[in-house]
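See below for the structure under consideration.
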Amino acid sequence: MIELFDLVNVAIGVVLIIAIMLVGVFIFGRLTKFNDLEEIQKGNEAAGMYLGSKLLGLSIIVAMVSYNSLSWLSMISWSVIGMVILSLVYLLFEFLTPKFKVSDEIAQGNKAVARLLGAVIIGTSVVLGTVLM
């Protein structure tokens, strides 16, 4: 039987996950030279793929750390660490591709770059989530 305590825990978890995702959108958006949401609104599929990959990657991390966290504070802390590491992965990827600027390519709608970076982010998230568990 579902108890009130369980329902409250689920509600707290949902609110925290939404908050973590919103913070993630904000932080990830600050890394690029363009406004992710404006580009998506204009129909830039590459920007949508890129933002979607970042949020999926963050979701993977949050899911894995939530599974093993004993407290909400622990889940939030590990999620923030995951967010920081994903941000560093983006910056490293930008640095390791000196022949083109990732953010410029995505702003121009280059889906190939968005897919490649998305795969790197999601792959990193799976590995990172496993390590943070």
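The values are calculated or read from the model by the stated rules, or taken from the named source; none is laboratory data. Computed from a predicted model, the values in this text were never measured in an experiment. Quick reminder, even Gly has a Cβ in these numbers, built from the backbone with ideal geometry, and neighbours come from all protein chains shown.
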Exercise. On the given criteria, is V89 under 12 Å from the mean Cα position of the chain (by Cα), crowded, with 17+ Cβ neighbours inside 10 Å and either part of a helix (DSSP H, G or I) or free of Cβ contacts under 8 Å to residues at least 40 places away in the same chain (or both)?
Worked result: yes
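Can you confirm whether V25 is in a helix (DSSP H, G or I) and farther than 19 Å from R115 by Cα? Spell out the reasoning first.
Working: in a helix (DSSP H, G or I): yes; farther than 19 Å from R115 by Cα: no.
It is false that V25 is in a helix (DSSP H, G or I) and farther than 19 Å from R115 by Cα.
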Problem set entry | Among residues of the stretch 67-79, those that are surrounded by fewer than 20 Cβ atoms within 10 Å (Cβ to Cβ), touching a residue at least 24 places away in the same chain (Cβ under 8 Å) and in contact with a helix residue (DSSP H, G or I) (Cβ under 8 Å, 6 or more places away or on another chain), counted | 2
Seminar exercise, completed: Counted residues in the stretch 31-56 being loosely packed, with under 15 Cβ neighbours inside 10 Å, without any contact (Cβ under 8 Å) to a residue 24 or more places away in the chain and touching a helix residue (DSSP H, G or I) at 6+ places or on another chain (Cβ under 9 Å) come to 3
Seminar exercise, completed: Cβ pairs under 7 Å, 6+ apart or interchain, first in the stretch 109-133 and within 26 Å of Q41 (Cβ to Cβ), second assigned to a loop (DSSP other than H, G, I, E, B) and at pLDDT 95 or above, ordered by first then second residue, are G109/N44
